[in-house]
There are 4 protein chains.
Amino acid sequence: MNKIKAGIVGATGYAGVELLRLLISHPNVDVVGLSSVSFEGQSIDQVYPNLHSWCSDVLTSPEEFIPQCDVVFASLPHGLSEPLAKQCLEAGAVFIDLGADFRLNDKEEYAYWYKKEYTDMTLHEKSAYCIPELHRDRIKDVPIIGNPGCYPTSIALGITPAIKAGIIDTTHIIIDSKSGVTGAGRGLKQNTHYPEANEAFSAYAAGNHRHTPEIEQTLSEIAGSKVSVTFVPHLLPVNRGIESTIYTKLTSDVSVADVRKIYTDAYENERFVRVLPDGEYANIRNVKFSNFCDISIHMDSRTNTLIISSAIDNMVKGAAGQAIQNMNIRFALGEDIGLIIPPPAF
Amino acid sequence: MNKIKAGIVGATGYAGVELLRLLISHPNVDVVGLSSVSFEGQSIDQVYPNLHSWCSDVLTSPEEFIPQCDVVFASLPHGLSEPLAKQCLEAGAVFIDLGADFRLNDKEEYAYWYKKEYTDMTLHEKSAYCIPELHRDRIKDVPIIGNPGCYPTSIALGITPAIKAGIIDTTHIIIDSKSGVTGAGRGLKQNTHYPEANEAFSAYAAGNHRHTPEIEQTLSEIAGSKVSVTFVPHLLPVNRGIESTIYTKLTSDVSVADVRKIYTDAYENERFVRVLPDGEYANIRNVKFSNFCDISIHMDSRTNTLIISSAIDNMVKGAAGQAIQNMNIRFALGEDIGLIIPPPAF
Amino acid sequence: MNKIKAGIVGATGYAGVELLRLLISHPNVDVVGLSSVSFEGQSIDQVYPNLHSWCSDVLTSPEEFIPQCDVVFASLPHGLSEPLAKQCLEAGAVFIDLGADFRLNDKEEYAYWYKKEYTDMTLHEKSAYCIPELHRDRIKDVPIIGNPGCYPTSIALGITPAIKAGIIDTTHIIIDSKSGVTGAGRGLKQNTHYPEANEAFSAYAAGNHRHTPEIEQTLSEIAGSKVSVTFVPHLLPVNRGIESTIYTKLTSDVSVADVRKIYTDAYENERFVRVLPDGEYANIRNVKFSNFCDISIHMDSRTNTLIISSAIDNMVKGAAGQAIQNMNIRFALGEDIGLIIPPPAF
Amino acid sequence: MNKIKAGIVGATGYAGVELLRLLISHPNVDVVGLSSVSFEGQSIDQVYPNLHSWCSDVLTSPEEFIPQCDVVFASLPHGLSEPLAKQCLEAGAVFIDLGADFRLNDKEEYAYWYKKEYTDMTLHEKSAYCIPELHRDRIKDVPIIGNPGCYPTSIALGITPAIKAGIIDTTHIIIDSKSGVTGAGRGLKQNTHYPEANEAFSAYAAGNHRHTPEIEQTLSEIAGSKVSVTFVPHLLPVNRGIESTIYTKLTSDVSVADVRKIYTDAYENERFVRVLPDGEYANIRNVKFSNFCDISIHMDSRTNTLIISSAIDNMVKGAAGQAIQNMNIRFALGEDIGLIIPPPAF
């Protein structure tokens, strides 16, 4: 079989370079182009010396490689993807957007949260948002795939089985998430300067993070009714990983073992979701560098509260790995190809 | 004035040695005795070389110094404090317990959560639990002081003004706390081994941590009715600091500015509580090595949820600093003496 | 081709579990047995939950799997490998020792530094110590392979080209090395307890670390005369990685570009050594999780000193990865099979 | 006694804000002015929220407070101090420069290393460079004090007694130093962005760091002859602390105990230098947040090499603390006033 020709727009961002790392090891992919506005003309391994001897492609502009591509990944600030999607559509390349521009179906939600407008709704009509474990059937033919956000991935995988089983109150769910610093990207900011992020911890964007509508969109679809969440992210002094602790009210008389059974059944055939046994807690340590989502289930019977802890690597299952999983589905490859990576113990 | 003669039982534990560090700088205290079961016979600076040139007292047993003491601090595993308290009572020394044995009023709660029994209720009747900002009047004369737990301190200070103002539903409060690794103590365990705690993050004891009844006891007293909480602690890869994010349902139509005003008023005269201005988040970085509790106030109007973030140094306001604050109150000293420490920026 | 059947003795140590992680992804290997004294009877993924869904083999004793093995890896404290080597020899399995018992040729050196005696010299005569880039020809047929120590690997690769080129004084070389905490193993110790290793840094074993004779043995062979080194290791607050800064006196009039050329030529055909271009420094960040050794070359012309910085992942090129590289050589596989891992950027 | 009126130029840099933290607790000092180019018009606690309730002075320009000051501290990039020094001289204020402009006596050395020129030599003639333990007598009357660099402080204190005792070869000393990230300042750079500094380690400026001439100047004065050093700094993933490992050739037949005695005698009356007992290693952990320099002494008898490890807090003894120590000397206060801080254990 011919290899899939792939290009990466925004290759020097953290999600972009992580995608490159994974695609280098993907047996069915050839990377044929890398672009970067900031580093155009330099080779990628000048910017990222970890890539010496792996890739010394020169960073160029998207126009130069889109025509040769079967698939184009973009990892850009929001508001920049529509023209790229259009170019890909015209060139016959599948476009997988790791940014936010093809995640929200409702253009008013997008306008409200992102302070920008969708300018070409036909593009959005041809796109699908896809967390593979929930939506893989949607993307078998679409030309544009909205790759999910990192927080929403950990959260949707963590709550979905409970919603589907009808055991929780979906009118209000509390979600307390913590993300490693790569989630804030490669751009320099004071709060991610080493001496200010190290030995530090705080919430941010409490109740108004842009991932909120994406979480509610996914959960509402599953519930078949409007789900509201209170979502508070925190900045965690580690490089990689998101842990989300989710608090929901039980509406049924179920034991923690019953709930664990619901989850185990729900994810029985999923290679990338691991429902942990009794006594274990989801820990970002155990999913780092891999495409797994680990889920542990706990109960506070005193208050009838179901507590779900969900952990992913924000850069893999929360970004680059999931994009490859989506590509695999779209190109009818085995879903785990290029992602068969046992997470390291430390 | 004569200096207060102080002894520390359990001086080589993390709370013990932090207490020693602070007492060394306290202008009204002389440390006259240090005990340690594990290191008896060694000098404290052999165990903690940071103390070279500050203190080379030999570690001994409590019996040797209690008779000379005006105040004895103990930082021991639960179940060991009653006999010490009795000895101090007989010797006329104030006993300040940094452990858990004098925190819960209800002996059945203690038995349920700690799997041990109070053996001498008269001791407990002579004791008082004290978070100074809430209970300072209780301890002006008591011979035994139950020093609060670290999580309960951050949480009680974070919620109390909202409860007192009657603006929140107290039937169920969700508390998501994160603690630095010193909270787990000096004892060696696999999950606090550097390579397993570093670049890691997970919940533990979800819904069943022993600080739960202490939190509920304090909040219920304030509310005048039974308050239930769901409390989930997490282990944070930093040395020091606790951040608690508290989720409560608003029952009144108040703005975030109204709530901030309630808090600012409530803590107006408190040296160690800082209610942060609009736009700032409580961060453990800003309270480290100090006795402060920083509180920031946020609102998710979409779901009518009040979100409080509270940050302390678990070793200072959560343990040794608060013990000294309690000692200062008990001995009628200025409450901030020995604790006038601007937190470092990094 | 039939797969190589491999067993791991000491599979729950850090080097053991890292070896397992890498062997799981090795296309030519089947892991047929894992042993552990401490966890016998448990499954490996109970001890290391990162391995859920990858390996749930029960930990057993070496006797149970050695008879089926083509190769047995052991990662044990020194002094325990000889009887295992003998068993393997009798069973016809290649024995690769990640411990220290087959590294030193001179039994007196071993006795002096390790305070134990070789008890069966015939085993040692049948063994070979092998850093593949320096000694690969030695192990094509040997039944017992002494896998190098982590520090000596970074150092030997860092100095060898300069010695071979005859440009430095070999009578005294100064080596200042820094190792991540996994180098100290999984066993709990006070100095690797998170709060005591974090935000800390110090030397240890200055001038008397047990890797010293191994370093001198390798360098002396290359020089053809006795090389002496002063070696001071330090404990670095990271999980993985060793950086060695090596100071040598130049004896020839060469420029830094000349020296870089010597190194580039020396490692021209080596997949796992990267000589960095002018302006870059070897950084453990760029080799983590991979089998690379990055080498950067610097000069202090004012003092005629050649400074070499060499960085590896102590757990991969410094232990498990190099063991697999040695296995690949011994079994006539491509040397990089199972080790084709681009290091992550972060 | 009247308090000393102090101003800080560059108060929002890391050394500046650390100085402010320490001066707030200094019983003989009133801070009367803070300046910052970047944040002029804001209050200091807006920039550094750790200072809430301690200091909310508005950042202004130096001109506004120099006339009221008894002492002015400046912490600025090199090349900016001369005009400030002049202003202070004219205003009758002592000027203490934490930057590099008054450290080197030789204007050619300054020009060579800093690529700038001294423009007013009379200022330099009125200034003195002072590591208090070595040069305190020099500054009793001078109007301008050059506060030492962080690396040179750790190194000069570490080597001086050996040079004075005449036991080492001073023609070439090897110094391998490691500094926490605050040493790189508050300014944002890619290599100090959290995800790139965390779990990373490398050398930088090998053999050409600007602290080299300062080190050689101090040591040469002590030796009475030109001392050459090879100095290689490394960036250490911690917030605070410098450890320098110093390698020198012994020229006398002395034991490690003899050398320790030389050091203990040399620093007998020094409050801020602690020569560690046999078996201990200088660790940045034990000096953090304090003005101490811990020194441990080791020997590699096999190669006749004396190894000194020296640890300081780069922000205290390496910058702000030492500046206060110099101020105390200059104003005839007790040298340790405001610096009586037991370092924390963690």
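The values are calculated or read from the model by the stated rules, or taken from the named source; none is laboratory data. Keep in mind that this is a model prediction, so the values were computed, not measured. Cβ atoms come from the backbone with ideal geometry, glycine included; neighbour counts cover every protein chain shown. When the accessible area is computed, the model is the full protein with side chains, heavy atoms only, and any ligands, DNA or RNA have been set aside. Shrake-Rupley method; radii C 1.70, N 1.55, O 1.52, S 1.80 Å.
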B plus A alone minus the pair: what accessible area, both sides summed, probe 1.4 Å, in Å² to 100? 3700
Ascending list, in nanometres, of distances separating the A:N269 label from those of the other copies (7 Å, Cα toward Cβ): 5.1, 6.9, 8.5
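How large is the helix-only mean residue ellipticity at 222 nm for chain A, computed as the sum of -39500 (n - 2.57) over DSSP H runs with n ≥ 4, divided by its residue count, in deg cm²/dmol to the nearest 500?
Working: 12 runs with 99 residues, N = 346.
The per-residue figure over chain A is -8000 deg cm²/dmol.
Kindly identify the protein assembly as shown as rounded, prolate or oblate by the Cα gyration tensor criterion: order the square roots of the eigenvalues as a ≥ b ≥ c, call it rounded if a/c is under 1.5, otherwise compare a/b with b/c, prolate if a/b is larger, else oblate.
Here the protein assembly as shown falls in the rounded category.
Where in the range C:203-277 are there trypsin sites (Lys or Arg not before Pro) that are in a DSSP coil and have at most 12 other Cβ atoms within 10 angstrom of their Cβ?
On the way: sites: C:R210, C:K226, C:R240, C:K249, C:R260, C:K261, C:R271, C:R274; in loops: C:R210, C:K226, C:R240, C:R271.
Qualifying residues, ordered by number: C:K226.
Considering only the other residues whose Cβ falls under 13 Å of the Cβ of A:L188, what net charge follows from Lys and Arg at +1 and Asp and Glu at -1? Mind showing how you got there, number by number?
Working: positive: A:R186, A:K189, D:R186, D:K189; negative: A:E196, D:E196.
Cβ neighbours under 13 Å give a net charge of +2.
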How large a share of the accessible area of chain B, in percent, is made up of carbon and sulfur atoms when the probe is 1.4 Å and the other protein chains stay in place? 49
DSSP beta bridges in the range B:162-303 [antiparallel fraction, %, rounded to 5]: 45
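Report, as a whole number in µm² per second, the diffusion coefficient that Stokes-Einstein gives for the range C:130-272 at 37 °C and 0.692 mPa s using the Kirkwood radius over alpha carbon pairs.
Numbers: Rh = 16.6 Å.
The estimated diffusion coefficient comes to 198 µm²/s.
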Just report the Cα centroid separation between the range A:74-137 and the range A:332-346, whole Å. 26
Would you mind getting the accessible area per residue of the range D:222-266, heavy atoms of the protein chains only, 1.4 Å probe, in Å²? 32
Quick check on the range A:4-125: of the DSSP beta bridges with both residues there, what percent are antiparallel, nearest 5%? 5
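With the contact rule set at Cα under 8 Å and sequence spacing of 6 or more, what percent relative contact order holds for the range C:4-125?
Values: 207 pairs, mean separation 28.9, N = 122.
Averaging sequence separation for qualifying contacts and normalising by length gives 24 percent for the range C:4-125.
Within the set of other residues whose C-beta is less than 13 Å from the C-beta of D:R136, count the net charge using Lys and Arg as +1 and Asp and Glu as -1.
-2
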Under a 10 Å cutoff between Cα atoms, tell me which one of B:C130, B:C150, B:C55 has the largest fluctuation in the Gaussian network model of chain B. B:C55
Net charge of neighbours whose Cβ lies under 11 Å from the Cβ of D:D106, counting Lys and Arg as +1 and Asp and Glu as -1: -2
Of D:Q42, D:Q190, D:Q325, which is the most mobile in a GNM of chain D whose springs link Cα atoms less than 10 angstrom apart? D:Q190
Amide H partners (placed H, <5 Å) of A:R186, local residues excluded: A:Y14
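Give me the inter-chain shielding for A:292-305: mean count of other chain Cβ atoms within 10 Å, whole number please.
Details: counts 4, 0, 5, 0, 4, 1, 7, 4, 11, 2, 8, 10, 3, 8.
Averaged over the peptide's residues, the number is 5.
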Before anything else, pin down the relative contact order of the range C:194-243: Cα pairs under 8 Å, at least 6 apart, normalised by residue count, whole percent. 51
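If I take every Cα pair under 8 Å that is 6 or more residues apart in chain A, average their sequence separation and divide by the length, what percent do I get for the relative contact order? All intermediate terms of the calculation are to be shown ahead of the outcome.
On the way: 753 pairs, mean separation 59.1, N = 346.
Relative CO of chain A lands at 17 percent.
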Reachable lysines from D:K317, criterion Cα separation under 19 angstrom, eight or more residues apart if same chain: D:K178, D:K288
Qualifying aspartates and glutamates (Cα of each under 15 Å from Cα of A:K3; at least 8 residues distant if same chain): A:D30, A:D70
Inter-copy label distances at C:V58 (7 Å, Cα→Cβ; nm, one decimal): 5.4, 6.1, 7.7
Proximal aspartates and glutamates relative to C:K115, as straight alpha-carbon distance under 16 Å, when same-chain residues fewer than 8 apart are discounted: C:E82, C:D101, C:D106, C:E214
Considering chain A as a Gaussian network with a 10 Å cut-off on Cα pairs, which listed residue, A:Y263, A:Y281, A:Y204, attains the greatest mean-square fluctuation? A:Y204
What number comes out for accessible area per residue over the range B:4-125 if the probe is 1.4 Å? Units Å², please. 39
